[in-house]
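Input: a single structure, listed below in C-alpha cells.
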2 protein chains.
Amino acid sequence: MSKASPSLQQISHNQITTENWSLKEAIEGCARADIQWIAPWRHKVHELGLKESKRMIRDAGLQVSSLCRGGMFPASTTAKRQENLDDNKLAVEEAAELGADVLVLVCGAAPDKDIDTSRKWVEEGIEKLAPFAASHGVKLGIEPLHPMYAADRSVIVTLNQANTIAEKFSPDQVGVIVDVFHVWWDPHLYQEIERAAGNILGFHVSDWIVPVPDLFKGRGMMGDGVIEIRRIRQAVEKAGYHGPIEVEIINQSIWDQPGDDVLATIKDRFLKHV
Amino acid sequence: MSKASPSLQQISHNQITTENWSLKEAIEGCARADIQWIAPWRHKVHELGLKESKRMIRDAGLQVSSLCRGGMFPASTTAKRQENLDDNKLAVEEAAELGADVLVLVCGAAPDKDIDTSRKWVEEGIEKLAPFAASHGVKLGIEPLHPMYAADRSVIVTLNQANTIAEKFSPDQVGVIVDVFHVWWDPHLYQEIERAAGNILGFHVSDWIVPVPDLFKGRGMMGDGVIEIRRIRQAVEKAGYHGPIEVEIINQSIWDQPGDDVLATIKDRFLKHV
C-alpha cells in the first residue's frame, strides 16, 4: 500500500528549479529548508569545482540523488560521437566522485531527417558507456523526454523505448528515470511503469500547466497543472521505487522567485500533490 | 512502388495555412494556383455562409478533401458533452452539404487531472456520432494530435490509439488521419501506418522546425524541418491511401506572407519533399 503522501525526507532538490542559485547557494538553501537530497547539474558543479562541490555537499549533510546529466550521444560524425562518449565518461567520474548512484541520461538527438539512426547511436552510446559506468559504481538512468523534444534533446520519447533499452542490461548498470512531465500523456504509462519494476532509478516531479508558457521553460509547480502526480507516484512505488523524488521545474517565473520561497512552496505542494 | 513525388493534383489547401485569407480569398487563390482541393475550416465557412461556400467551391471547380473540424468531445458535465455532440452533428451536416467525404476529428481534452475519463468521453462521442455521420455519407477521421496538446486539444495522441478506436467501426464510417507533424516522433509510426491500411482517410503535411517557434503556431513549411515526410507519405501510400494530401501549416511568419506566394512555395516544396 502506498502512503497518501510521501515523506518530506524523500524530496530531492534538482537544482535547475532554482536556476539563479549557484550550487553553493542551492546547498545552503537545502540546509536551511531541511531538504536532504540534491541533484546538481554538471555546469554548476564545474563552476564551484568538483572537490569543493563534494566537500560542501558532504558538510551540509546532503545526499546526491543523481547527477544531471549525461547522454547527448547522437552526432553526424564518428569523431563527434566519440567526443560525446568521452564527455559522458567524465560525467560518470564526476557522479562517482559526488557519491551519486545515478547519472541521468538525456539521450540526445541529431536534428536531421533520420530519427532511426539517431536512435541507434543512442543505443550504441549506452552500450559503450555502461561497462565504464559500472566500473565506477554509477548506474545510467535513461530518461525518456516528452516527444516535443524529439528533434533537439532526445529521440528516446517513451518509457517503452527506455525500458526496451534498459532490459538489455543488468538493473545494476542501466535503468530508467520516470519524469511525470515527460510521460504523463502516454496511453501505455502504467503498463510501462509496471514493466519497469526493479529498473526504476529515479522519479521526477513537476506539472503540466495549461497553457504551456514555453516549450522549454514551461513546467509548473506540482498542483498547478493536469498531471495525476500522486497516481503516477503510487505506480512507481508499486514497481518498487522508494528512493528520493526529484523536484525538477524549468520555469522562468519560478526562477524569478527567491529560492527560499520556492523550496517552501515545494515542501507544501509535495505533501499535497505528490 | 511509390512514385518519387506525388502529383500536384493531390495538393489540398488546408485553409489555415493562409489564415489571413477569408474562405472566398482562399478559393480564389486555389483557382489562380491551379490547386484542385481545399480543406475549409468551419468558422470560415460560417463567415461566408454554408450555401455560398458550397456554390463558390463548386464554381471554382474545387473538391473538398475534408472539413476542419469536429471533435472536442470531453467536458466535465453531461449537458456540455451533449452540447458538444450537437455541434458535431452540425459539423457533419455542413460536411455533407459541402461534399466533404471526411470530417476531421480533433478529439478534445478536459484540462483536469483525469485523462482516462477524457479518453472514455472521446470514445463515447465517436460512438454516438458515427451512425449520424454515416447516414449523411460523411466519414469521421480521427486525427491523433502531438502529445504536447494532450491537456488542451486532444487526449488521442498516438496513431495506436486512433487505430484502436477506428477498428471498432466499419472503414466506411470511421478511420484515421495521419498528420506528419503530430506523429513523426512515434517509435511505432510505421507499424501503426501499416496497421491502418484501409482505414486512412487523410494525410496532412507540414514540418517540424528546430527550434519550434511556438507551441501552437510552430509548424514549418515542408523541407524546413526534420520530418521524413517522403518516407511517411510512401508508407501511407503502401497502406492504400492515394487521396488528396492536405498542406496544413500553422505558423505566424507564413501567415504574414502573401497567400499567393505561400501557395507557390507549397507547390515547389510538395514536389521536392512530399
Practice task
Considering (1) farther than 22 Å from residue A:163 by Cα; (2) surrounded by fewer than 17 Cβ atoms within 10 Å (Cβ to Cβ), say which one residue A:207 fails and leave the rest.
Solution key: (2)
Handout entry: Scan of region A:178-198 for residues that are surrounded by fewer than 21 Cβ atoms within 10 Å (Cβ to Cβ) and either under 15 Å from the mean Cα position of the chain (by Cα) or free of Cβ contacts under 8 Å to residues at least 12 places away in the same chain (or both), ordered by number
Key = A:187, A:191
Fill in the blank from the handout: Selection from region B:161-174 of residues crowded, with 18+ Cβ neighbours inside 10 Å, part of a helix (DSSP H, G or I) and over 14 Å from the mean Cα position of the chain (by Cα) yields B:161, B:163, B:165, B:166
Handout entry: Only listed residue being more than 24 Å from residue B:75 (Cβ to Cβ) and within 14 Å of chain A (Cβ to nearest Cβ), chosen from B:187, B:144, B:171
Key = B:187
Fill in the blank from the handout: From the option list A:110, A:79, single residue qualifying as closer than 28 Å to residue B:182 by Cα, out of contact with any Asp or Glu (no Cβ under 8 Å at 6 or more places or on another chain) and among the hydrophobic types (A, V, I, L, M, F, W, C) is A:110
Practice task
Check residue B:177 against each of (1) assigned to a helix (DSSP H, G or I); (2) in contact with a strand residue (DSSP E or B) (Cβ under 8 Å, 6 or more places away or on another chain); (3) away from chain A (no Cβ under 14 Å); (4) under 29 Å from residue A:110 (Cα atoms) and name the one condition it does not meet.
Solution key: (1)
Practice task
For residue A:201, state whether it is under 20 Å from residue B:112 (Cα atoms) and either within 14 Å of chain B (Cβ to nearest Cβ) or crowded, with 24+ Cβ neighbours inside 10 Å (or both).
Solution key: no
Problem - Residue under evaluation residue A:209, criteria (1) aliphatic (A, V, I, L, M); (2) touching a Leu at 6+ places or on another chain (Cβ under 9 Å); (3) within 12 Å of chain B (Cβ to nearest Cβ), criterion not met - result: (2)
Fill in the blank from the handout: Of the listed residues (A:60, A:39), the one being surrounded by 23 or more Cβ atoms within 10 Å (Cβ to Cβ) and either of a type outside the set (Val, Ile, Thr) or out of contact with any Lys or Arg (no Cβ under 6 Å at 6 or more places or on another chain) (or both) is A:39
Exercise for the section: Could you figure out which of (1) in contact with a strand residue (DSSP E or B) (Cβ under 8 Å, 6 or more places away or on another chain); (2) of a type in the set (A, V, I, L, M, F, W, C); (3) over 12 Å from residue B:105 (Cα atoms) isn't true of residue B:142? Expected result: (3)
Problem - Evaluation of residue B:231 against (1) more than 9 Å from chain A (Cβ to nearest Cβ); (2) outside any loop (DSSP other than H, G, I, E, B) (one fails), failing number - result: (1)
Fill in the blank from the handout: Picking from A:72, A:56, the residue that is under 21 Å from residue A:202 (Cβ atoms) and free of Cβ contacts under 8 Å to residues at least 40 places away in the same chain would be A:72
Completion exercise
Residues in region A:248-266 that are part of a helix (DSSP H, G or I) and of a type in the set (Asp, Glu) total 2
Exercise for the section: Quick one: which residue in B:130, B:134, B:110 is within 14 Å of chain A (Cβ to nearest Cβ), farther than 24 Å from residue B:23 by Cβ and either touching a residue at least 60 places away in the same chain (Cβ under 8 Å) or among the hydrophobic types (A, V, I, L, M, F, W, C) (or both)? Expected result: B:110
Problem - Top-ranked residue in region B:149-160 [being surrounded by fewer than 24 Cβ atoms within 10 Å (Cβ to Cβ) and not in a loop (DSSP other than H, G, I, E, B); ranked as nearest to the other protein chains (Cβ to nearest Cβ)] - result: B:160
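A short reminder: the numbers here are calculations on the coordinates, not readings from a lab. Fair warning: this is a prediction, and the values are worked out from it, not measured in the lab. Quick reminder, even Gly has a Cβ in these numbers, built from the backbone with ideal geometry, and neighbours come from all protein chains shown.
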